[in-house]
Each structure stands twice: as C-alpha cells, then as structure tokens.
Amino acid sequence: MKQIPAFTLPSDSAMMQKDFLFGVATASFQIEGDLHHRLPCIWDTFCAQPGKIADGSNGEVACDHINRWREDVALIASLGVDAYRLSISWGRVLNQDGSINREGMAFYSGLIDALNLRNIKVFVTLYHWDLPQHLEDKGGWLNRDTALAFAHYTRIVVQALGDRVYAYSTLNEPFCSAFLGYEVGIHAPGHCSRKEGRAAAHHLLLAHGLAMAEIRRFAPHAKAGIVLNFSPAYAFQDCEADREAARKAHEYHNIWYLMPLMEGRYPDIINSLDTDEQPPVQPGDMEIIQEKMDYLGINYYTRNVYQAGGDLGFEDVRIANVPRTAMDWEICPDAFTDLLKDLSQTFDLPPIYITENGAAEDDMVREGEVHDPMRLDYLQSHLLAVHDAIEAGVEVKGYFAWSLMDNFEWAEGYRKRFGLVYVDYTTQERTLKSSAKAYQEMLALRHSLSQQ
C-alpha cells in the first residue's frame, strides 16, 4: 500500500490551532437523489433538455445520500473534520403552497442532530441553486416576489433547525445563479440576457438581505452570512488597456456581488450598461442588502485573465502552457493569496471562511485505491496560500475542501470528479482517495499537537 503523506502547514500556523475550522462541503441537488419526495426544481427541468448536461445525466440518484446519509455522516467523522457544510433543498422542505413537507424537514433535522452528536459543526446553505420550478414558472429570480418567497422559506427552515446549526449562509455563489443561469445560459434555467442576469443578481441579493433578518430573529446565536465565489482578474499584458480590462472584469464578475453587501451600491461599471440592463433597484433595497454579516464565505478555484475588447471593455484570454485541472481551470494558488489580501484591504470585511476550494481530476480506482496526485498538490498549495494570507493579516477562520465526495457536477454531469472520496455511481461504494487520507492525517496531527 502506498504511503500517503499528510498535508503540511507550519506548526505555528493559525490554521493548526484548534479554533480554526476544517471541513468538507456538499450541495443538496448534487448528492441527495430521491426526486420523488420533493418538488421539481429548475435543475430537474434543465437536465431534461437535450444537450444541456454533458453526459445527458440528471440528479435522480446522484450519490443516493437521502438513503445513505448515516454512513456518509460516519465517513465525514472518519476524516476528523471540525465542520460539514451542506445545503437544504427548498423543494424538499416546503410544499408548493408554502406549508412544511414534514418528511423532508425531518431528514435534515436528523442529519444535523447526527452531526452535532459527533461534535461536527453544521454550516447550512439555504440556497445552492435548486429553485423550485413552480417559482421559476412565475419568473424565478426575475420576479421580485421570489425574494419574498425565499424569506418565507428561510423563516420556516430556521424556525425548525434554529441554533442546532452553527452557521447559516443565505446563498451560494449568486454569480453562478445570475450570470451562468440567466445571462449566458449554461446553468439552469438557461436564459441568455444581460438584462435578466443583472435583474436576477439584484433579486438574489435582496433575498439575502431579507433572509438575514429571519436568521437573526429565529436563530440569534447562529452565525449568518453569504457565500460568494471569486475568480480574480489579471491583465493579459502589462499595458494600461489590459489592466483597465481586468479592473472592469473584476467589477462585473466579482465585486458586483460584494460591494452592495459592504457599501450599499453597485460598482462603477454599472454606468457602462444600457439603462434597461441596469438592476431594478427600488428605494430601501440597498439598506436591506447591506445587513451586517457575521462572516463572509469565499469560494476559490482559479483566476481569469483579460485583455481589452468586448462591448464592456474586457474579454477572456486563455493562457497556454500552464497547469490545469480536469475542468481546464488554471492552477494558481498565488492568486488565492492575492485575492484574500486585496478584498480585505479594499473592504471592511467580517471574518472569512473558505467555504469551497478544490480540483477536478480524472480519478480511477486501481486495486481498490484512488491516487490523485494533482489534487494532492492543488490542495497542499492552496492550504499554504490561505496560510500566507493569514500571515499577511487576513482574518480567515476556516477552510472547507470541495467536495466531500464525487457528485453531480451541474452542466458537466458525472464526468468531473471533485471529491476527496471516490463514488462508484453503479454500486454507490465510497472510497477514500489519497487526498482524503492526506487531509485525515493533517487533522489527526493537529489534534495530537493540541493535546500536548
């Protein structure tokens, strides 16, 4: 058997202290399966459209987590993590009339109790992209009423789960819901309109603000925040035109979702949009959106490179001859450190949790084992990147690897594997990859050091 080394961090790193949280993360649609005991969502509809999912698959079975959750909790505990980030399926806990689906709510309640019994802190994401289809039929995130429906859903969930949840995040990656879902159409619901993308983004942020008030009311001791994804923007060439392109891209793709939360306004690139493409802001919206947060979740995978061009002044450039993951994303840990430092210097941020970070690799089982050398290197370098940011003064309180296990990777279907744990989708057998063992060993070492 091949000896797998632990991930290593300096022994005096803040990340090796017992109050720093290490975890793993998943999302409901990607792992649960069991479509028949919840409402249809936009991803069910999207999967049914020919050509939308790379392998023609869907979430009907996924990782069968609904039936295997007890063994999955044991799996999570075996890694030695401090926390587990999961998402709740809106359509599994609420019926179409807004009443509670008791069976669905009982599933999450039992899952959370089982995690707490093992002293695993629970981070709950209230929205990880699976909007009930009946709300999409009324306009989805283009309809301001969806933000009100989300506040109602949040109220019901938080009343039921309360402070058994350590931290709630309202939304996961509103950029993906709005830009990928409504602006360029590669995610559900598949719309292609800049006007719709900007409107959806605003209503998502409004939903966040409304939901924050519900969390404060019904779970006053839980942490409350949001999870945003960032792909830092770099200039292709060291010239003013490309530097300006990178600045504009950063505003449009990254800061668009953070500045309203922190400063109650959209970035200056809003002025480059036609009037009818600008978000439908109503009086009082920004005050709601700017609700003070206990933490900010940051998801990081890669950077993007831009040159001058396009109707907004920037266009993507693909850099050749650089290391890439199986998603064809550049591996760039230094950009992770730069991002964390830049955001912390630009905004008065609350404490940060790295809520997703990971890599897809073309994993295979050989003689009962899964060796994933690229992922090992990726995670090691990115853990050190977080350490470097902390050393530079950034307040990071935790790190969650994406993902606990291989799962339905949205428009890629089951072709891309991000898990620390390999899933055989035919047998549903789970196998710890080398990266899972390295994570496990690092956490065991940290535990032993804390006992000295």
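Here are the numbers:
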item	result
Any hit, region 211-223, residues being buried (at least 21 other Cβ atoms within 10 Å of the Cβ), more than 18 Å from TRP129 (Cβ to Cβ), among the β-branched types (Val, Ile, Thr) and in contact with a Pro (Cβ under 9 Å, 6 or more places away or on another chain)	no
Selection within region 181-210 - touching a Gly at 6+ places or on another chain (Cβ under 8 Å), farther than 29 Å from TYR166 by Cβ and open to solvent by 10 Å² or more (accessible area, probe 1.4 Å)	GLU183, VAL184, PRO189, GLY190, HIS191, CYS192
Condition broken by ALA385, with the remaining ones in (1) of a type in the set (A, V, I, L, M); (2) touching a strand residue (DSSP E or B) at 6+ places or on another chain (Cβ under 9 Å); (3) closer than 20 Å to ALA233 by Cα satisfied	(2)
Candidate set from region 406-452 (those that are without any contact (Cβ under 8 Å) to a residue 24 or more places away in the chain and part of a helix (DSSP H, G or I)); member that is least open to solvent (accessible area, probe 1.4 Å)	SER448
Residue tally, condition among the acidic types (Asp, Glu), assigned to a loop (DSSP other than H, G, I, E, B) and buried (at least 18 other Cβ atoms within 10 Å of the Cβ), over region 1-56	2
Filter result for ASP55 (acidic (Asp, Glu), over 18 Å from GLU136 (Cα atoms) and touching a residue at least 12 places away in the same chain (Cβ under 8 Å))	yes
Conditions (1) closer than 20 Å to TYR295 by Cα; (2) in contact with a Cys (Cβ under 8 Å, 6 or more places away or on another chain); number of the one not met by GLN133	(1)
Search result, residues across region 146-174 that are surrounded by fewer than 24 Cβ atoms within 10 Å (Cβ to Cβ), more than 18 Å from LEU135 (Cα to Cα) and among the hydrophobic types (A, V, I, L, M, F, W, C)	VAL158, ALA160, LEU161
Residues of region 316-326 satisfying the condition of being open to solvent by 30 Å² or more (accessible area, probe 1.4 Å) and of a type in the set (S, T, N, Q)	ASN321
Qualifying positions in region 81-103 - free of Cβ contacts under 8 Å to residues at least 12 places away in the same chain and in a loop (DSSP other than H, G, I, E, B)	ASP97, SER99
Qualifying residues in region 224-270 (those that are acidic (Asp, Glu) and more than 24 Å from TRP129 (Cβ to Cβ)) - the one least open to solvent (accessible area, probe 1.4 Å)	ASP242
Residue in region 70-126 that is surrounded by the most Cβ atoms within 10 Å (Cβ to Cβ), counting only those that are under 16 Å from ARG155 (Cβ atoms), among the β-branched types (Val, Ile, Thr) and within 20 Å of the chain's Cα centre (by Cα)	ILE88
Any strands (runs of 3 or more DSSP E) falling wholly within region 121-236 and containing at least 3 residues that are within 18 Å of LEU86 (Cα to Cα)	121-127, 167-172, 223-229
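A quick yes/no check of all residues on (1) hydroxyl-bearing (Ser, Thr, Tyr); (2) under 29 Å from PHE123 (Cβ atoms); (3) crowded, with 21+ Cβ neighbours inside 10 Å:
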| site | (1), (2), (3) |
| --- | --- |
| PHE314 | no, no, yes |
| ASP338 | no, yes, no |
| LEU349 | no, yes, no |
| TYR353 | yes, yes, yes |
| GLY358 | no, yes, yes |
| GLU369 | no, no, no |
| LEU384 | no, yes, no |
| GLY398 | no, yes, yes |
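The values are calculated or read from the model by the stated rules, or taken from the named source; none is laboratory data. A quick note: this is a predicted structure, and the numbers were derived from the prediction, not measured. Cβ coordinates were reconstructed from backbone atoms using ideal geometry, including for glycine residues, and neighbour counts include every protein chain displayed. To get the accessible areas, we keep the full protein, side chains included, count just its heavy atoms, and leave off ligands, DNA and RNA. Shrake-Rupley method; radii C 1.70, N 1.55, O 1.52, S 1.80 Å.
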